[in-house]
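Trainee: After the structure tokens below, expect a handful of questions from me.
The values are calculated or read from the model by the stated rules, or taken from the named source; none is laboratory data. Quick caveat, the model's predicted, so the values are computed rather than measured. Glycine gets a Cβ as well: all are built from the backbone with ideal geometry, and neighbour counts include every protein chain shown.
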Amino acid sequence: MKPMDLVTQALELIAALAAAPLFLGWVNQCRAWLQNRRAPSILLPYRSIRKLFYKDAVIAESASPLFRSAPYIVFGAMVVAAGIIPSMGTQLPFTIAADAIALVGLLATARVFQSLAAMDIGTAFGTLGARREMMVGFLAEPALLMVIFVASIISATTALPAIAENLATQKLALYPSLAFTAVAFVLVLLAENARIPIDNPATHLELTMIHEAMLLEYSARHLALMEWAAALKLFNYACIGFALFVPWGISTGADSPITLLTSIPLLTAKLAITGATLAFIETMSAKLRVFRAPEFLASAFLFAVLGLLVHLLLGA
Amino acid sequence: MTGTPFDLQLLNLCAALLLLLSFAMLAQRRIVTLVNLLAVQGGLLLVATLLLAWRTGERHLYLSAALTLALKVVLLPRILHRLIRRLQVYWDTEPLLNISGTMLVGLVVVVFAFGLAQPISALASTATRNAIGIAVAVILLSFVTMITRRKAMSQVVGFLSMENGLFFGAMSATYGMPMIVEFGVALDVLVAVLVLGIFFFQIREQFDSLDLHHLESLNEYQSSVAIASHGTAREGSPRIDGEQAAPAQKET
């Protein structure tokens, strides 16, 4: 383990923690612009997190220790995930611990704890949100795994940094299979991060909400952690997408501070474009009924499997 | 993959898109969109044929590309659109299977088709032999489209897309059929669509609907019952009632 690798790892973690709310703010700002609203400040997520940390936490009488510990577990899982995903460099000491499949498991752990905590109090909204979240989750997970499998088969490894490195250093070629899986991944990203066709992140009291319904009972620092974790989740998904589909510009060299430095503005540019695209997709599409969600995610699964089949047949 | 030349990569992309389009047709319930998808499928075939012609230098492939353009991209979709307008059928009724179920069946069919095409691909010597599996999959998926639909219109679209799949299969296995066969098939398809168009009007006049399950009971007594029961309760528009009056006047 070289000191440079440790620097890369530390830089990635800090960048993820610091930039995740900024990314969320950027998406919200783009959305507001596209919808002809006055945009909130891009720093708004930071401010609300800071505000929440200063408040006193209120917890329901019936809450079990699970309810108190869930925010820390969820947040912790997201931070660990951010450590595994290569966003700037591929020489990460932490990634020996977990490959892409373990990463999906890590995200699933966070989801399970969030849902259990939502059911813990016993309010109707929390239970409803938790059940819907699990429904979306169990449909989105196989699609996400399929997406990762396609990239793994192409690069013959399930380690995310190795996949990114392999795809980044390869000669440029048309991969229909990767194009299909990219579409599948975008659908999964929208569903998993409670974006518009599945859930509306802008509502706080509606019968259709999923993510917000699970957070209704949280306040102060717990809520801050949960919201920060949600922002981190979006950031992590974006970075998984970059690693699989647009890995160019990622630092692959063993010890190269220069490529690491150039990867920072590239990552920023990618995030900016992704955020704007995400806002555009959300503005252009209408929210689906909850019962249509399985159809939406079935098509994501279909795209991913088609990508796999096309790759196996055409070798492309 | 990195060793494959760029035009072959483009051909592979076309093949993959054809497969995707077949799934889109499988999921689509609006007949107008279905016909548009058929036109896009024809367009993709055109691109694939041109690419292959350019790659192999086979003169007759340019001709068949021209034929594809004239027939599959322009003429057939136009005829079908006209039929839809005149018959006023815009939606297929309840599919026999829900969309997610159809998709899963489609995936199984694709896996089966790929397995089926494996030995053929092993024997073929063309650069595009890998795409044979996709051609077989497109054919079988069109079959599924026809099976899961009730309306005559979407069944015809399924039939035409099957023909597209066959054409693509012939192209990727042997760089296209002999010109005379291709002309014959093209003419057949054109005539089939024209005849089926007349057929649609006859079917609707008989049963007041384009739902093909009425054809399953083709004897004198039952069909008259079918007319009696469906004449009143079908999802008709006032325009059809007007049309219904027309043949009655003709008879008197």
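Trainee: Just to be sure I understand the filter: pairs with C-beta atoms under 6 Å, separated by 6 or more residues or on different chains, first member in the stretch A:169-181 and more than 14 Å from A:Leu314 (Cα to Cα) and facing chain B (nearest Cβ under 8 Å), second member assigned to a loop (DSSP other than H, G, I, E, B) and modelled with pLDDT under 85. Which pairs pass?
Mentor: Going by the 6 Å Cβ cut-off, the qualifying pairs are A:Lys171/B:Thr2.
Trainee: Could you tell me which of the residues A:Ser299, A:Ser285 is more than 14 Å from chain B (Cβ to nearest Cβ) and more than 16 Å from A:Ala16 (Cα to Cα)?
Mentor: Among A:Ser299, A:Ser285, only A:Ser285 is more than 14 Å from chain B (Cβ to nearest Cβ) and more than 16 Å from A:Ala16 (Cα to Cα).
Trainee: Could you please let me know if A:Ile163 is of a type outside the set (Asp, Glu), under 21 Å from A:Leu234 (Cα atoms) and touching a residue at least 24 places away in the same chain (Cβ under 8 Å)?
Mentor: So A:Ile163 passes the test.
Trainee: Using the structure shown, decide if A:Leu266 is away from every other protein chain (no Cβ under 14 Å), part of a helix (DSSP H, G or I), surrounded by 15 or more Cβ atoms within 10 Å (Cβ to Cβ) and in contact (Cβ under 8 Å) with a residue 12 or more places away in the chain.
Mentor: When the stated conditions are applied, A:Leu266 passes them.
Trainee: Taking the condition assigned to a helix (DSSP H, G or I) and at pLDDT below 85, does A:Phe280 pass?
Mentor: no
Trainee: Follow-up. Sort through A:Glu206, A:Glu212, A:Glu192 and tell me the only one that's of a type in the set (Asp, Glu) and within 21 Å of A:Ala16 (Cα to Cα).
Mentor: Checking each option against the conditions leaves just A:Glu192.
Trainee: Which residues, taken from the stretch A:290-316, are within 13 Å of B:Leu13 (Cα to Cα), of a type in the set (Gly, Ala, Ser) and part of a helix (DSSP H, G or I)?
Mentor: Within the stretch A:290-316, A:Gly307 is the sole residue that qualifies.
Trainee: Looking only at the stretch B:87-142, count how many residues are of a type outside the set (A, V, I, L, M, F, W, C) and either in a helix (DSSP H, G or I) or within 10 Å of chain A (Cβ to nearest Cβ) (or both).
Mentor: Qualifying residue count for the region: 14.
Trainee: Just one of (1) in contact (Cβ under 8 Å) with a residue 12 or more places away in the chain; (2) under 17 Å from the mean Cα position of the chain (by Cα) trips up A:Gly122, so point out which.
Mentor: Unmet for A:Gly122, out of (1) in contact (Cβ under 8 Å) with a residue 12 or more places away in the chain; (2) under 17 Å from the mean Cα position of the chain (by Cα): (2).
Trainee: Name the residue, out of B:Leu38, B:Leu20, B:Leu44, that is in contact (Cβ under 8 Å) with a residue 40 or more places away in the chain and either within 14 Å of chain A (Cβ to nearest Cβ) or buried (at least 16 other Cβ atoms within 10 Å of the Cβ) (or both).
Mentor: Answer to the check: B:Leu38.
Trainee: Does the stretch B:146-164 include one or more residues that are within 17 Å of B:Ala48 (Cα to Cα) and in contact (Cβ under 8 Å) with a residue 40 or more places away in the chain?
Mentor: The answer is yes, given that some residue of the stretch B:146-164 is within 17 Å of B:Ala48 (Cα to Cα) and in contact (Cβ under 8 Å) with a residue 40 or more places away in the chain.
Trainee: For the stretch B:23-35, how many residues are away from every other protein chain (no Cβ under 13 Å) and surrounded by fewer than 20 Cβ atoms within 10 Å (Cβ to Cβ)?
Mentor: Going through the stretch B:23-35 one residue at a time, the tally reaches 3.
Trainee: Here is a check on your reading of the model: is A:Phe291 among the aromatic types (Phe, Trp, Tyr) and within 14 Å of chain B (Cβ to nearest Cβ)?
Mentor: When the stated conditions are applied, A:Phe291 passes them.
Trainee: Another question, then. Scan the stretch A:221-233 and give yes if some residue there is touching a His at 6+ places or on another chain (Cβ under 9 Å) and buried (at least 22 other Cβ atoms within 10 Å of the Cβ), otherwise no.
Mentor: Yes: the stretch A:221-233 contains one or more residues that are touching a His at 6+ places or on another chain (Cβ under 9 Å) and buried (at least 22 other Cβ atoms within 10 Å of the Cβ).
Trainee: Looking at B:Leu10, B:Leu51, which is the one that is in contact (Cβ under 8 Å) with a residue 24 or more places away in the chain and either touching a His at 6+ places or on another chain (Cβ under 6 Å) or closer than 25 Å to A:Leu302 by Cα (or both)?
Mentor: Every option except B:Leu10 fails the conditions.
Trainee: Looking only at the stretch A:105-125, which residues are within 30 Å of A:Ala159 (Cβ to Cβ) and among the polar types (S, T, N, Q)?
Mentor: A:Thr109, A:Gln114, A:Ser115
Trainee: Select, from B:Arg30, B:Arg78, the only residue that is modelled with pLDDT of 85 or more, farther than 16 Å from B:Gly165 by Cα and of a type in the set (Lys, Arg).
Mentor: B:Arg78
Trainee: While we're looking at this one, here's another question. Applying the selection to the stretch B:170-184, what residues are surrounded by 18 or more Cβ atoms within 10 Å (Cβ to Cβ) and in a helix (DSSP H, G or I)?
Mentor: Correct list: B:Ala170, B:Met171, B:Ser172, B:Ala173, B:Glu182.
Trainee: Could I ask something else about it? Looking at (1) free of Cβ contacts under 8 Å to residues at least 60 places away in the same chain; (2) surrounded by 17 or more Cβ atoms within 10 Å (Cβ to Cβ); (3) closer than 28 Å to B:Thr4 by Cα, can you tell me which one A:Thr274 breaks?
Mentor: All conditions pass for A:Thr274, except number (3).
Trainee: In addition: Against the condition away from chain A (no Cβ under 14 Å), crowded, with 20+ Cβ neighbours inside 10 Å and touching a Leu at 6+ places or on another chain (Cβ under 8 Å), how does B:Leu75 come out, does it pass?
Mentor: Considered against the rule, which asks whether it is away from chain A (no Cβ under 14 Å), crowded, with 20+ Cβ neighbours inside 10 Å and touching a Leu at 6+ places or on another chain (Cβ under 8 Å), B:Leu75 comes out as no.
Trainee: Hey, can you tell me all the residues within the stretch A:241-263 that are small (Gly, Ala, Ser) and outside any loop (DSSP other than H, G, I, E, B)?
Mentor: Result: A:Gly241, A:Ala243, A:Ser251, A:Ser263.
Trainee: A further question on this structure: Within the stretch A:18-59, how many residues are part of a helix (DSSP H, G or I), hydrophobic (A, V, I, L, M, F, W, C) and either on the phi > 0 side of the Ramachandran plot or surrounded by 17 or more Cβ atoms within 10 Å (Cβ to Cβ) (or both)?
Mentor: Total satisfying the criteria: 10.
Trainee: Any residue at all in the stretch A:243-250 that is closer than 23 Å to A:Met146 by Cα and surrounded by fewer than 16 Cβ atoms within 10 Å (Cβ to Cβ)?
Mentor: Looking through the stretch A:243-250, at least one residue is closer than 23 Å to A:Met146 by Cα and surrounded by fewer than 16 Cβ atoms within 10 Å (Cβ to Cβ).
Trainee: Assess whether A:Glu12 counts as being surrounded by 17 or more Cβ atoms within 10 Å (Cβ to Cβ) and of a type in the set (Asp, Glu).
Mentor: Judged against the criteria, A:Glu12 is a match.
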